[in-house]
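J.: Dropping a structure here in structure tokens format, bear with me for questions.
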Amino acid sequence: MIGYIEGTLKQLDATRALVVAGGVGYELHISLSTYYRLEGKPQAALEVYTHVREDALSLYGFASAEEKYAF
């Protein structure tokens, strides 16, 4: 399970962030609150919730541990 990620912010839009860490790009679903905290920054450090289903593996990124907990 991925619980935290820190790296270069490659792409950012209102619903997702692409973070490159260790040469691998991780696409994370994000909230608008997280988007505004990342906007204009070259680096990202996010708490991560990993959601595994039979047909998908999804990552959700949060700017704070409190936001992750509320999720």
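The values are calculated or read from the model by the stated rules, or taken from the named source; none is laboratory data. Since we're looking at a predicted model, the values are computed, not measured. FYI the Cβ positions are ideal-geometry reconstructions off the backbone, even for glycines, and counts take in every protein chain you see. Accessible surface areas use protein heavy atoms only, side chains included; no ligands, DNA or RNA. Shrake-Rupley method; radii C 1.70, N 1.55, O 1.52, S 1.80 Å.
J.: Return the pair list, or none, for Cβ contacts closer than 8 Å from residues in the stretch 1-23 that are in contact (Cβ under 8 Å) with a residue 24 or more places away in the chain and in a loop (DSSP other than H, G, I, E, B) to residues that are of a type in the set (Val, Ile, Thr) and open to solvent by less than 40 Å² (accessible area, probe 1.4 Å), at least 6 apart or on different chains.
T.: These pairs meet every condition: 1/50; 2/48; 2/50; 3/48; 3/50.
J.: A further question follows. List pairs: first residue in the stretch 31-56 and touching a residue at least 40 places away in the same chain (Cβ under 8 Å) and more than 15 Å from residue 2 (Cβ to Cβ), second residue open to solvent by 60 Å² or more (accessible area, probe 1.4 Å) and among the acidic types (Asp, Glu) anywhere in the structure, Cβ distance under 7 angstrom, at least six positions apart or on different chains.
T.: Every condition considered, no pair remains.
J.: Could you please find all residues in the stretch 29-44 being buried (at least 16 other Cβ atoms within 10 Å of the Cβ) and in contact with a helix residue (DSSP H, G or I) (Cβ under 9 Å, 6 or more places away or on another chain)? Before the answer, list the steps.
T.: Taking the stretch 29-44 first, the residues buried (at least 16 other Cβ atoms within 10 Å of the Cβ) are 30-31, 34-35, 37-38, 44.
The answer is 30, 31, 34, 44.
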